[in-house]
1. Pairs only if they're at least six apart or on different chains, beta carbon under 9 angstrom, first in the range 199-217 and in a helix (DSSP H, G or I), second of a type outside the set (S, T, N, Q) and at pLDDT below 85; list them, first residue then second.
2. Of all residues in the range 228-243, how many are touching a strand residue (DSSP E or B) at 6+ places or on another chain (Cβ under 9 Å) and either modelled with pLDDT under 95 or aromatic (Phe, Trp, Tyr) (or both)?
3. Would you check if ASP7 is acidic (Asp, Glu), at pLDDT below 95, in a helix (DSSP H, G or I) and surrounded by fewer than 16 Cβ atoms within 10 Å (Cβ to Cβ)?
4. Any idea which of (1) open to solvent by less than 20 Å² (accessible area, probe 1.4 Å); (2) in contact (Cβ under 8 Å) with a residue 40 or more places away in the chain; (3) outside any helix (DSSP H, G or I) is the one PHE110 doesn't satisfy?
5. Got at least one residue in the range 124-134 being closer than 24 Å to ARG29 by Cα and not in a helix (DSSP H, G or I)?
6. Of ASP127, ASP207, which residue is modelled with pLDDT of 95 or more, charged (D, E, K, R) and under 20 Å from the mean Cα position of the chain (by Cα)?
7. Only one of ALA141, ALA159, ALA225 is among the hydrophobic types (A, V, I, L, M, F, W, C), over 30 Å from SER109 (Cα atoms) and free of Cβ contacts under 8 Å to residues at least 60 places away in the same chain. Can you tell me which?
8. Restricting to the range 76-99, name every residue that is outside any helix (DSSP H, G or I) and crowded, with 18+ Cβ neighbours inside 10 Å.
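The values are calculated or read from the model by the stated rules, or taken from the named source; none is laboratory data. Model, not experiment: these values are computed from the prediction. Please note: Cβ atoms are built from the backbone with ideal geometry, for glycine as well, and neighbour counts cover all protein chains shown. To get the accessible areas, we keep the full protein, side chains included, count just its heavy atoms, and leave off ligands, DNA and RNA. Shrake-Rupley method; radii C 1.70, N 1.55, O 1.52, S 1.80 Å.
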Amino acid sequence: MADMQGDRHWDENHSRSFLDYGRYFVPERERQIDIIADLIPAAPDGLMVELCCGEGLLSRALLERFPDCRVLALDGSERMREQTQKTCSDHGSRLTTAAFDLADRDWRSFSEPPQAIVSSLAIHHLDGRQKRMLFADVAAALRPGGVFVVADIVRPPSAAGLAIAARQWDEAVSSRSLAIDGDLAAFAEFNRLGWNYFRNPDGEPIDKPSSLAEQLAWLAEVGFAAVDCAWLFAGHAIFSGRRPDVAGQA
């Protein structure tokens, strides 16, 4: 994330850093995973797709919460895909991993319409035009009644909002560091890496978060119903929309 410079993209070194420090750096991580799962309606034998699966914690939660579902976990990092397979090893028969590029469109059709498409901490790497295109493609791909759930950083539209988000994120990471290790070493690494986007929101071209209001509007524009934000803290939000059961109906 914030340690990438210029036009560099996420590479395996960044994957290693996230695997090492994600449990400290992601605010209320377990709560976020639970909320994402809570927003998904159960469907027997349904397909669920995770975009940028990382280490596989969300994919594992879906496999555990929905014992008849199958999960397609997509990530551009080989290290992340390997870790996802390990994380979900108890449910390996229902998990498929595959390489992809989030910004490309060739992966956005599936062998069957998914019941849910979810993403955590990834879509902010797309600019506004790319996000709108992704939202439209996801709406077209989902089965009727299917849901799209996004957990991501969102950009507050004011300087005051940026300051609040920055402060809350610092507090969340320092508290987590103390709770897990009894010291602030992980928080020091958080600062060394410059991970808090809200401290320098214009410093990293690879980070392109849009506001929450913009993204909710874009979901509605492409036909999602029940568009809502379920959780917001430290500049991180969980928001979602549902494809209508019948065209034109909520």
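1. Taking only residues 6 or more apart or on different chains, the pairs are ARG199/ALA2.
2. Total meeting the criteria: 2.
3. Judged against the criteria, ASP7 is not a match.
4. (1)
5. yes
6. ASP127
7. Values: ALA141 fails: over 30 Å from SER109 (Cα atoms); ALA225 fails: over 30 Å from SER109 (Cα atoms).
Result: ALA159 is the single residue among ALA141, ALA159, ALA225 that is among the hydrophobic types (A, V, I, L, M, F, W, C), over 30 Å from SER109 (Cα atoms) and free of Cβ contacts under 8 Å to residues at least 60 places away in the same chain.
8. Selection gives GLY76, SER77, CYS88, LEU95, THR97.
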